[in-house]
Amino acid sequence: MSVQSHDVVSGERRYEVKMVVDALLLDEVRSWTLAHPAAFRAAYPLRRVNNLYFDTFERQFILDHVDGLAERAKVRYRWYGETWRASAGQVEIKHKQTQLSRKIIFPVDASLEIAQLSWEEIIAGIVEHTAEDCARLLNNLEPVLINYYWREYYVNAEGDIRLTLDYGMRAFDQAFGFFPNIRFPQPLLNELVIEVKAPSQAHGRVADVLAEFPLRCIDNSKYLNGLATAMW
């Protein structure tokens with residue numbers, strides 16, 4: 001059954017600020033988070049986040065990021081869980097302008113065995129079970145990267161500022177082949193990505209949250225990191 005246009009979820013613009021440290025500091029960063037004056041608490045159980053990134057044939061999305069454009073976009077298919085069986089997934093189109101981002105979500109009403117299907121079958125399965133606008137977009141893109149990582153979720157006492165800890169990332173280049181590459185990962189640094197997310201009107205409070213972490217904010221992309229070795 002195809003997903004109709006009224007199932008599309010369009011999120012509000014929000015601030016997203018990232019900090020990156022060596023993953024060996026995970027326990028220390030977790031302690032900073034739980035002792036934070038904003039009273040962060042665990043919001044969801046730990047889970048694995050899986051992403052399949054799409055790009056144009058000319059790799060325009062990644063080139064925009066490398067060039068440092070203030071306005072850029074990325075398209076990914078995301079699902080959760082510790083297997084290559086993608087169910088209850090969604091296509092996400094993320095538009096970013098400096099530190100403000102907005103995400104449009106297209107649910108995908110299908111279960112896909114990523115490890116057993118060809119790219120043609122996977123893309124056909126997504127296109128058949130999502131909204132028409134999303135299907136048209138994907139027909140002009142191709143898969144370029146799969147990655148996954150573990151994510152811890154925290155939320156402040158007021159419930160409007162989220163903080164996530166991402167670590168244990170593995171990435172698989174999809175530049176060649178008729179079937180997904182899930183056997184040969186890219187060499188990556190062992191990094192922990194700390195991300196603070198809040199509504200656009202909470203800019204001042206985000207600054208207060210960041211001030212409690214003795215770390216520098218940087219522009220970090222898991223998509224770019226996963227492709228760095230393959231590209232260069």
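The values are calculated or read from the model by the stated rules, or taken from the named source; none is laboratory data. Not measured: the values here are computed from a predicted model. Don't worry about glycine lacking a Cβ; one is built from the backbone with ideal geometry, like all the others, and counts go over all protein chains shown.
Scanning the range 37-44 turns up no residue that is surrounded by 17 or more Cβ atoms within 10 Å (Cβ to Cβ), of a type in the set (Gly, Ala, Ser) and free of Cβ contacts under 8 Å to residues at least 40 places away in the same chain. How do the pairs read when you match residues in the range 125-152 that are assigned to a strand (DSSP E or B) with residues anywhere that are small (Gly, Ala, Ser) and crowded, with 17+ Cβ neighbours inside 10 Å, using Cβ under 7 Å and keeping only pairs 6 or more apart or on different chains? Once the first residue is assigned to a strand (DSSP E or B) and sits in the range 125-152, its partners that are small (Gly, Ala, Ser) and crowded, with 17+ Cβ neighbours inside 10 Å give LEU145/ALA171; LEU145/GLY226; ASN147/ALA171; ASN147/GLY226. Among the residues of the range 120-128, is any farther than 27 Å from ARG14 by Cβ, in contact with a helix residue (DSSP H, G or I) (Cβ under 9 Å, 6 or more places away or on another chain) and surrounded by 17 or more Cβ atoms within 10 Å (Cβ to Cβ)? Looking through the range 120-128, at least one residue is farther than 27 Å from ARG14 by Cβ, in contact with a helix residue (DSSP H, G or I) (Cβ under 9 Å, 6 or more places away or on another chain) and surrounded by 17 or more Cβ atoms within 10 Å (Cβ to Cβ). Among the candidates ALA43, ALA110, the residue that is at pLDDT below 95 and not in a helix (DSSP H, G or I) is uniquely ALA110. Of all the numbered requirements in (1) at pLDDT below 95; (2) under 15 Å from LEU52 (Cβ atoms); (3) assigned to a loop (DSSP other than H, G, I, E, B); (4) in contact with a Phe, Trp or Tyr (Cβ under 9 Å, 6 or more places away or on another chain), TYR223 misses one, and that requirement is (3).
For residues that are outside any helix (DSSP H, G or I) and either on the phi > 0 side of the Ramachandran plot or modelled with pLDDT under 85 (or both), tally how many sit in the range 176-220. Here the count works out to 7.
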